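Contents: one structure, followed by commentary.
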Amino acid sequence: MKLRTALLGAAAAVAFAPAAFAERGADGHVNVLYWQAPSILNPYLSSGTKDVETASLVLEGLAGFDDKGVVFPRLAESIPTVENGGITEDLTQITWKLKPGLLWSDGTPVTSADAKFTWEYCTHPEGGCAQAARYEGIESIETPDDLTIVIKFSGPKPNPYQAFVGGTSPILQKAQFENCLGAAASTCTEQNFKPIGTGPFVVTDFKVNDTVSLAANPNYRDPAKPAFATMTVKGGGDAVAAARAVLETGEFDYAWNTQINPEQQAQMSAAGKGVLLNGFGTLVERIEMNLTNPDPALPEGERSTTKHPHPFLSDIRVRKALSMAIDRQILVDIGYGSAGRPTCNLVPAPEMFASDNTECIPQDMEGAKALLEEAGWTDTNGDGIRDKDGQKLRILYQTSTNPVRQDFQAVIKDWWTELGVEVELKNIDASVFFGGDPGSPDTFQKFYADVEMYANNFDGTDPEPYLAQYKCDKIPGPENQWQGENINRFCDPAYDALVDELAKTSAMEERAAIAKKLNDMLTKDSYVVVPLVDRGRLSAASNTLGGVVLNTWDTELWNAQDWFRVK
């Protein structure tokens with residue numbers, strides 16, 4: 001099957017609006033809890049899910065992905081396809097048409113110039129963009145009139161639904177951001193904290209790492225939406241408290257990422273005030289290996305950069321041994337129950353893109369010990385810690401503050417200690433860890449540790465832009481304000497070449513085979529990424545909140561304009 005076949009009937013708009021409301025703001029206030037508090041409302045300066053999803057209430061793209069992963073129009077009049085002439089036969093160009101009459105929340109017209117500017121903003125050579133992979137392969141963007149956006153690719157682009165599609169790639173208002181290009185991007189506080197958008201809500205107040213206050217957008221394109229006049233997105237606390245605030249106390253209407261263990265899930269659900277929403281997509285809890293040296297003795301600006309390779313994690317045998325020592329099924333049992341599955345894959349879904357990579361699932365402690373012996377790491381001092389050439393095998397293992405993650409850290413530390421590795425644990429407030437502040441030493445992008453653990457996923461059902469994040473030019477560093485997406489500092493020209501091949505391959509079977517190979521290059525062929533658990537999204541919604549549809553292919557707030565109060 002050719003991808004072109006899929007493009008012919010790519011997507012149609014789906015109506016999710018309930019008949020429960022017909023007047024904007026009629027249902028008063030709604031309380032949403034993102035316990036990992038937002039630190040910025042510009043997704044181009046943060047790849048933290050908390051920031052991207054909260055920003056999606058305000059900023060929108062031309063299209064999004066629905067709960068089935070199907071592309072549907074937002075600001076676009078329709079989805080371009082080969083059949084309707086919106087995509088050229090040679091797949092080198094896509095033409096989008098804006099809906100007529102669209103307004104920014106400040107009342108000014110939305111035009112094609114805003115889309116072109118957004119591309120220029122993200123790809124500016126003097127800046128760093130957290131979503132640069134969404135714009136891979138674009139040669140130029142032309143705007144023949146105010147409603148037409150013509151994207152020309154450097155070669156055939158079988159999957160053209162990347163730029164301006166999904167919550168990670170929205171359109172910015174040129175008038176607001178035109179003085180924020182390049183190195184100036186991170187200095188534009190007003191713009192990054194209160195972006196002018198087209199979404200159902202506008203920001204009225206933003207307390208960083210705490211609270212976002214929003215009101216219904218008076219210029220939203222549907223006059224009957226949103227049903228809620230105001231919304232509060234509250235940060236802080238932890239996953240357990242977030243789940244309790246919806247399921248037991250009823251203080252909040254919706255809580256994102258209620259990462260609680262199976263016993264707590266059953267206990268809290270029994271209170272009867274809300275329900276847990278669970279759905280599998282592409283969210284994988286993983287350990288990332290730092291291929292560069294995070295030693296604090298190095299000069300600032302050189303720590304965790306390619307100037308200094310990691311002293312022992314540069315050896316695949318050490319990385320593989322650390323993976324072999326882990327029992328992934330135990331992690332699932334203690335952390336997720338039915339909401340998790342052991343995995344060896346960075347791309348666990350859709351099924352056609354998932355590698356048959358399962359060799360990491362059985363724990364092999366003896367094999368791991370033998371591999372370290374082979375690599376020259378032995379316990380010469382008899383203290384239980386392996387060493388080589390006078391260096392101890394010591395690891396700083398960091399993650400965000402979360403009860404399940406701290407449980408994982410504890411058991412993995414036990415396994416690695418048995419392996420002969422000295423492990424120091426560190427947990428960082430999630431609002432900081434997943435924030436995009438280039439001045440903070442504690443972001444996951446800075447990676448001032450040997451290994452770190454978190455979960456991530458991708459928009460839509462095609463992993464091409466996700467896998468492109470691991471190209472050499474996506475490495476974060478001081479020169480791009482630490483905004484690169486290649487967290488591990490992995491660089492392999494063969495990998496880059498295969499990503500480029502994927503970008504121009506149209507046959508679905510061939511695309512799937514390439515994606516699997518790329519997945520394997522990052523996992524079982526190199527152990528740069530060590531996947532642990534294929535996590536279902538787990539969030540909580542009040543019984544009095546209607547219209548909620550869990551979406552694992554885009555942001556969870558993807559249809560907040562359709563939410564309403566159950567009477």
Starting at the first residue of segment 66-75, write each ³J(HN,Hα) from the Karplus equation 6.51 cos²θ - 1.76 cosθ + 1.60 with θ = phi - 60°, in whole Hz, x for Gly and Pro.
7, 5, 9, x, 8, 6, 9, x, 10, 7
Considering the zone a paramagnetic label at C491 would reach in this model (a point 7 Å from Cα along the Cα-to-Cβ line), which residues of segment 507-525 have amide N under 20 Å from it?
521-523
By average C-beta atoms within 10 angstrom, highest first, the peptides 329-337, 355-363
329-337, 355-363
Out of the total accessible area of segment 351-434 (probe 1.4 Å, heavy atoms of protein only), what percent is carbon and sulfur?
47 percent
Whole-number percent relative contact order across the chain, with pairs defined as alpha carbons under 8 Å at least 6 apart
23 percent
Solvent-accessible area per residue, Å², over segment 350-391 with all protein chains present [probe radius 1.4 Å]
58 Å²
Can you tell me which of 406-414, 453-461 comes out highest on packing, and rank the rest after it, using the mean Cβ neighbours within 10 Å?
453-461, 406-414
To the nearest 10 degrees, the tilt of helix 508-522 (Cα long axis) against the first principal axis of the alpha carbons of the chain is 40 degrees
Solvent-accessible area per residue for segment 477-567 at a 1.4 Å probe radius, Å²?
29 Å²
Starting from the Cα of K504, step 7 Å toward the Cβ, then list every residue of segment 116-139 with an amide N under 17 Å from that point.
136-139
Under the rule of -39500 (n - 2.57) per DSSP H run of 4 or more residues, summed and divided by the residues of the chain, what mean residue ellipticity at 222 nm is obtained, to the nearest 500 deg cm²/dmol?
-6500 deg cm²/dmol
Under the Karplus relation with 6.51, -1.76 and 1.60 and θ = phi - 60°, whole-Hz ³J(HN,Hα) for segment 146-151, x at Gly and Pro, equal 5, 10, 10, 10, 10, 9
Provide the solvent-accessible area of V423, counting protein heavy atoms only and rolling a 1.4 Å probe, rounded to the nearest 10 Å².
10 Å²
Once you place label points 7 Å from the Cα toward the Cβ at D379 and V275, how far apart are they in nm?
5.3 nm
How much length is gained on full extension from E23 to T108, taking 0.36 nm per residue of separation minus their Cα-Cα distance?
28.3 nm
Whole-percent carbon and sulfur contribution to the accessible surface of segment 21-118 (1.4 Å, no ligands, DNA or RNA) stands at 51 percent
So the FRET efficiency between D525 and Q391, C-beta based with R0 = 25 Å and rounded to 0.05, is 0.45
Per residue of segment 78-87, in order, report the coupling 6.51 cos²θ - 1.76 cosθ + 1.60 (Karplus, θ = phi - 60°) as ³J(HN,Hα) in whole Hz, putting x for Gly and Pro.
7, 8, x, 9, 5, 4, 8, x, x, 10
Burial order of peptide ranges 58-64, 532-538 (average beta-carbon count within 10 Å, highest first):
58-64, 532-538
Given R₀ = 45 Å, FRET efficiency for T306-D333 by Cβ-Cβ distance, to 0.05?
0.70
Quick query: amide H of L283 versus all other amide H atoms, modeled in the peptide plane; which residues come in under 5 Å with a sequence gap of 5 or more or a different chain?
R535
Amide H neighbours of G546 at under 5 Å, excluding residues fewer than 5 places away on the same chain, with H built from the backbone geometry, are F564, R565, V566
Can you list the residues, at least 5 places off or on another chain, whose amide H is less than 5 Å from the amide H of Y454, using H built in the peptide plane?
R286, E288
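The values are calculated or read from the model by the stated rules, or taken from the named source; none is laboratory data. On a predicted model such as this, the values are computed, not experimentally measured, just so you know. All Cβ positions, even for glycine, are placed from backbone atoms using ideal geometry, and neighbour counts span all protein chains on display. Ligands, DNA and RNA are excluded from the accessible area calculation, which covers all protein heavy atoms including side chains. Shrake-Rupley method; radii C 1.70, N 1.55, O 1.52, S 1.80 Å.
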